[in-house]
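Notes follow once the structure below has been shown.
The values are calculated or read from the model by the stated rules, or taken from the named source; none is laboratory data. Please read all numbers here as calculations on a predicted model, not as lab measurements. Here the Cβ is made from the backbone with ideal geometry for all residues, glycine too, and neighbour counts use every protein chain on show.
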Amino acid sequence: MAAHNDLGKLGEEMAVNFLKENGYAILDTNWRFQKAEIDIVCTINDFLVVVEVKTRSSIEIGLPIDAVNTKKIRLLTRAIDEYVCAKNLDVEVRFDVISIYKEHNSFVIEHITDAFYHF
């Protein structure tokens, strides 16, 4: 597996652990619909939370959250619409981003709640 894939997998594992430690219940990871993949689907306080995880080895070229663009948002909203319909859920959906990057010899984890809204 390529190094960037290993880093992405590590980031997703760190994000799952971070969410669990903060009271989130993990429902699914790497849920796919067509061309979209939702990294983490979880719940907290009556919200269904879609979490996009972005991991970088450094922030020299920008913060990880900068990679969540309009195309990615469109894919995520389509995928979660399918997820909600397929599971017959009646919930409010929230979109979060967990941004992880290496700083010195450790990782920084930033959790951005309500990172974007879809219509």
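Pull out all pairs, ordered by first then second residue, where Cβ-Cβ is under 8 Å, the residues are six or more apart or on different chains, the first lies in segment 16-32 and is free of Cβ contacts under 8 Å to residues at least 40 places away in the same chain and surrounded by 17 or more Cβ atoms within 10 Å (Cβ to Cβ), and the second is of a type in the set (S, T, N, Q) and part of a strand (DSSP E or B).
Partner pairs satisfying both residue conditions: Val16/Thr29; Tyr24/Thr43.
Being in a helix (DSSP H, G or I) and under 26 Å from Leu7 (Cβ atoms), is that true of even one residue in segment 21-28?
yes
Taking segment 46-64 on its own, how many of its residues are at pLDDT 95 or above and among the polar types (S, T, N, Q)?
Adding up the residues that qualify gives 0.
Do you know which residues across segment 33-60 are within 13 Å of the chain's Cα centre (by Cα) and either among the hydrophobic types (A, V, I, L, M, F, W, C) or surrounded by fewer than 19 Cβ atoms within 10 Å (Cβ to Cβ) (or both)?
Ala36, Glu37, Ile38, Ile40, Val41, Cys42, Thr43, Leu48, Val49, Val50, Val51, Val53
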